[in-house]
Amino acid sequence: MPVKKDKKQQAIGIFDSGIGGLTVASAIAKALPKEQIIYFGDTAHLPYGDKSADSIKYYAIRIAQFLLEQNCKLIVIACNTASALAYDTVKDFVGKKATVIDVVNPIVHEITQNKKLKHIGVIATKATIKSDIYAKKIKHLNPKLEVASQATPLLASMIEEGFFNNKISRAIIHDYLSKPKLKKIDSLILACTHYPLIKKEIEEFYKGKTVIYDNAQAVAKMVAETLKKEKILSDKKNKVHQFYVSDYTKSFEETARNFFSSKVKLTKASIWK
Ligand code: DGL
């Protein structure tokens with residue numbers, strides 16, 4: 001079936017509970033500079049990591065609906081927690097209107113290709129760890145791999161507040177990464193899209209002895225491949241990116257500007273009225 005010409009110029013919709021998904025959005029913008037991004041940060045409901053599966057599904061569907069109303073051609077769930085608990089629900093809801101990409105499958109696929117790894121650590125929100133999605137998917141692709149999963153519930157809120165690169169954040173990170181479960185790992189997945197913002201501190205802890213993976217590059221690669229396969233890659237430089245939040249926060253604006261230049265303008269979208 002011929003692809004409608006203007007579909008190529010439609011935006012990529014990306015969402016997370018807050019600033020975390022900006023790490024993914026920024027990787028997508030770098031890999032695909034002609035694409036327009038419409039980003040939604042659900043700051044009113046953050047952190048997702050402590051919420052029930054039902055709440056996360058409810059938020060994710062409403063945001064997907066909003067992104068479809070903005071005519072997005074593809075939706076990226078740039079949140080591990082929502083990917084773990086609501087990927088199928090969002091896919092069912094969106095149907096054929098757009099392809100939905102999660103952040104778990106691309107990194108699991110990438111990490112299981114590295115034949116040198118034996119013992120993979122996963123740090124994430126409580127909800128992601130409780131779902132056990134990483135261990136299940138990694139073991140499905142390679143049953144010989146050991147997976148050690150550790151919930152690190154303070155980190156996302158701390159990062160969202162811009163509270164990192166200081167003595168206290170280092171002490172919290174140190175405490176989590178010193179847990180006995182993570183002692184033997186040779187690699188670590190930052191299974192929360194907020195965590196690349198503290199990657200430097202995590203690398204300092206491991207001093208080069210552990211390979212650190214985050215979702216951003218693998219997801220950007222998957223988005224590029226999908227748009228190419230569906231023949232809907234943008235072929236013109238598109239309109240400016242748009243950033244929506246469900247509640248205005250200063251740290252969201254600052255982080256968005258760090259990633260996407262000072263021109264970022266935040267719009268509050270009251271989609272739960
Ligand atoms: N950035 C999100 C994730 O990847 C969620 C953090 C949160 O809201 O708890 O899991």
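In loop segments of region 15-82 as defined by DSSP, the trypsin sites (Lys or Arg not before Pro) with at most 13 further C-beta atoms inside 10 Å of their C-beta are 34. Ordered from highest to lowest accessible area with the whole protein assembly present and a 1.4 Å probe, 194, 45 read as 45, 194. Here the simple spin-label model places points 7 Å from the Cα toward Cβ, and for residue 181 and residue 233 these points are separated by 4.1 nm.
Along the axis of the charge dipole computed for region 1-149 (Cβ charges of +1 for Lys and Arg, -1 for Asp and Glu, origin at the Cα centre), the listed residues 15, 74, 47 are led at the positive end by 74.
Evaluated with a Cβ-only charge set (Lys, Arg +1; Asp, Glu -1), the chain carries a dipole of roughly 800 debye about its Cα centre, given to the nearest 20. Within region 194-273, the chymotrypsin sites (Phe, Trp or Tyr not before Pro) that combine a DSSP coil assignment with at most 15 other C-beta atoms in a 10 angstrom radius are 248, 272.
Structure shown: which of 8/221; 34/137; 8/239; 8/237 lie over 22 Å apart, alpha-carbon to alpha-carbon? Distance filter (> 22 Å) returns 34/137.
The loop-placed trypsin sites (Lys or Arg not before Pro) in region 101-200, going by DSSP, that have at most 16 neighbouring Cβ atoms within 10 Å of their Cβ come out as 115, 116, 118, 144, 183, 184. Within the accessible area of the chain, the carbon and sulfur atoms contribute 54%, probe 1.4 Å, all protein chains present.
When all protein chains stay in place, what accessible area (Å², nearest 10, 1.4 Å probe) is found for residue 125? My reading of the accessible area for residue 125 is about 10 Å². Excluding ligands, DNA and RNA, the accessible surface per residue across the chain is 49 Å² with a 1.4 Å probe.
The values are calculated or read from the model by the stated rules, or taken from the named source; none is laboratory data. Given the structure is predicted, the values throughout are model-derived calculations rather than measurements. Because the Cβ atoms are built from the backbone with ideal geometry, glycine has one as well, and the counts that use them run over all protein chains shown. All accessible areas refer to the heavy atoms of the entire protein, side chains included, with ligands and DNA or RNA removed. Shrake-Rupley method; radii C 1.70, N 1.55, O 1.52, S 1.80 Å.
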